[in-house]
Amino acid sequence: MSQFNIGSKAFIAGENLEAFRRVKLSAGSGTQVEYADAGEAFIGFTAAKAVQGEMVSVDLKTTGRTYKVEANGAIAVGGNFYGANDGKVSATVNGSIQGRVLEAAAADGEIIEGLLV
């Protein structure tokens, strides 16, 4: 039976996950997610923290909305963001631009608002 989701979907955490970080499907799985590292494609952002094996809600990547994202360092307001390790976002060019920040981040670990492009 086929299904569809608008907005969020629950997955199994393939590793311990923090909230507001980029995730990808684990290799060979349609039900488990893990961090998307620098330069890797992602399917969405974790909505909450989860321990490996628990269910985690993922806000699926789409345009037309904003997301809470975790920065890995300083990013200027209006600046582009790229994928960084452990699902964070960065101002450092690595792969394709993934979005723009609507708030500045001054340090690693700050949660800011981002818009996908």
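The values are calculated or read from the model by the stated rules, or taken from the named source; none is laboratory data. Since we're looking at a predicted model, the values are computed, not measured. Quick reminder, even Gly has a Cβ in these numbers, built from the backbone with ideal geometry, and neighbours come from all protein chains shown.
Say we look at the range 29-51 and pick out the residues that are of a type in the set (D, E, K, R) and part of a loop (DSSP other than H, G, I, E, B); which of these is farthest from Gln98 (Cα to Cα)? Walk me through how you get there before you give the answer.
As a first pass, look at the range 29-51 and keep what is of a type in the set (D, E, K, R): 34, 37, 40, 49.
Those still in the list that are part of a loop (DSSP other than H, G, I, E, B) too: 37, 40, 49.
Details: Asp37: 13, Glu40: 10, Lys49: 22 Å.
Filtering first and then ranking leaves Lys49.
Scanning the range 65-82 for residues that are buried (at least 22 other Cβ atoms within 10 Å of the Cβ) and either farther than 22 Å from Glu34 by Cβ or touching a Gly at 6+ places or on another chain (Cβ under 6 Å) (or both) gives Val69, Ile75, Phe81. Pull up the range 52-64, narrow it to residues that are at pLDDT 95 or above and farther than 11 Å from Arg21 by Cα, then point me to the one that is surrounded by the most Cβ atoms within 10 Å (Cβ to Cβ). Here the answer is Val56.
Anything in the range 6-24 that is among the aliphatic types (A, V, I, L, M) and surrounded by fewer than 15 Cβ atoms within 10 Å (Cβ to Cβ)? List them, or say none. Can you show your working first?
If we filter the range 6-24 for residues that are among the aliphatic types (A, V, I, L, M), which is where we start, we get 6, 10, 12-13, 17, 19, 23.
Correct list: Ile6, Ala10.
Do we find a residue being aliphatic (A, V, I, L, M), modelled with pLDDT under 95 and not assigned by TED's automatic domain parsing to the domain that holds Leu102 anywhere in the range 41-51? Yes, some residue in the range 41-51 is aliphatic (A, V, I, L, M), modelled with pLDDT under 95 and not assigned by TED's automatic domain parsing to the domain that holds Leu102.
Entry remark, the range 72-92: residues being under 26 Å from Leu25 (Cβ atoms) and not β-branched (Val, Ile, Thr) number 11 in total.
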